[in-house]
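Okay, so here's the structure we're looking at.
The values are calculated or read from the model by the stated rules, or taken from the named source; none is laboratory data. Just so you know, these numbers come straight off a predicted model, no measurement behind them. All Cβ positions, even for glycine, are placed from backbone atoms using ideal geometry, and neighbour counts span all protein chains on display.
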Amino acid sequence: MGELTGRTALVTGASRGIGQAIATRLAAHGALVIVHFGTDAAGAKATVEAIERAGGSARAVRAELGGDDDVDTLFAGVEEALAGRSLDILVNNAAAPPAGPLGATTRAQFDHLFAVNVRAPYFIIQRALPMLRDGGRIVTISSVATRMANPAQTSFAMTKGAVETMSLTLANELGARGITVNAVAPGATRTATNGPVFDPPGLAELIAGTTALERLGGPDDVADVVAFLASDAARWITGQVIDASGGLFLGPRPAVTGS
């Protein structure tokens, strides 16, 4: 079926959007995919059913990240789904969205962001390592917010900066086992869930105009990058942040493009 046939993958936040696209793509390459979800049971079911209709294999596992027992709950389901098999690929995709600018972010919102976006992936990796095979893959979804100064996303960008640093240091630690650890940083990505965000007149065109490839991204644009990093072809790439934004805000754009 594909180059990941016989391998297993856990994708967090896989009931919709980028996570759903990642889960679907890994399954299309042959992996058994564990589709994690927090509250969107219908979305997780739809993801699993889409994978199975295409001839792939998937299992849904529920755990609301950010709480005290989140990792225990998640891995009780993961271990049942794996049924004694090792884990080959871990994709930390689940994340809480930006909470707002400095003046509007509450302590509770700040703590929730760090619980979901930083603490959860850290301890998910910690818990996964004993079952992750040598030569496995860890990919964490970051954001271009780490290289852009967006006052509306300060706390969110801080969480993504943390997981980029985590990926760098873990790549150095886990290299002896042949495990690669990387981060992928999407930019403006339109999904079925966040589509209305881009509905205000002119907004999508404005963002596309500041992007080198002159369009908004889609979930498949990010999923393809993750699938590559999960493959044998990416065996020599580790400790990297891969920008998957189409070149968002690289610098001043020329007034006229093309030949």
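Miscellaneous remarks
- Leading residue by the ranking (surrounded by the fewest Cβ atoms within 10 Å (Cβ to Cβ)) among those in the range 21-46 that are more than 26 Å from ASP134 (Cα to Cα) and either of a type in the set (Asp, Glu) or touching a strand residue (DSSP E or B) at 6+ places or on another chain (Cβ under 9 Å) (or both): THR39
- Qualifying positions in the range 122-153 - farther than 19 Å from ASN93 by Cβ and not in a helix (DSSP H, G or I): ARG133, ASP134, GLY135, MET148, ALA149, ASN150
- Remark: pairs (first residue in the range 163-188, under 16 Å from ALA128 (Cβ atoms); second residue among the basic types (Lys, Arg) and assigned to a strand (DSSP E or B); Cβ separation under 6 Å; 6+ apart in sequence or on different chains) = THR180/ARG137.
- Residue in the range 86-103 that is surrounded by fewer than 20 Cβ atoms within 10 Å (Cβ to Cβ), out of contact with any His (no Cβ under 6 Å at 6 or more places or on another chain), modelled with pLDDT of 95 or more and within 25 Å of LEU4 (Cβ to Cβ) present: yes
One line per residue, one yes/no per condition, for (1) in contact with a His (Cβ under 6 Å, 6 or more places away or on another chain); (2) within 21 Å of SER86 (Cα to Cα):
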site	(1), (2)
ALA9	no, yes
GLY13	no, yes
ALA28	no, yes
ALA31	no, yes
ALA41	no, no
VAL61	yes, yes
VAL71	no, yes
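- Subset of the range 12-27 [in a helix (DSSP H, G or I) and either charged (D, E, K, R) or over 13 Å from ALA230 (Cα atoms) (or both)]: GLY17, ILE18, GLY19, GLN20, ALA21, THR24, ARG25
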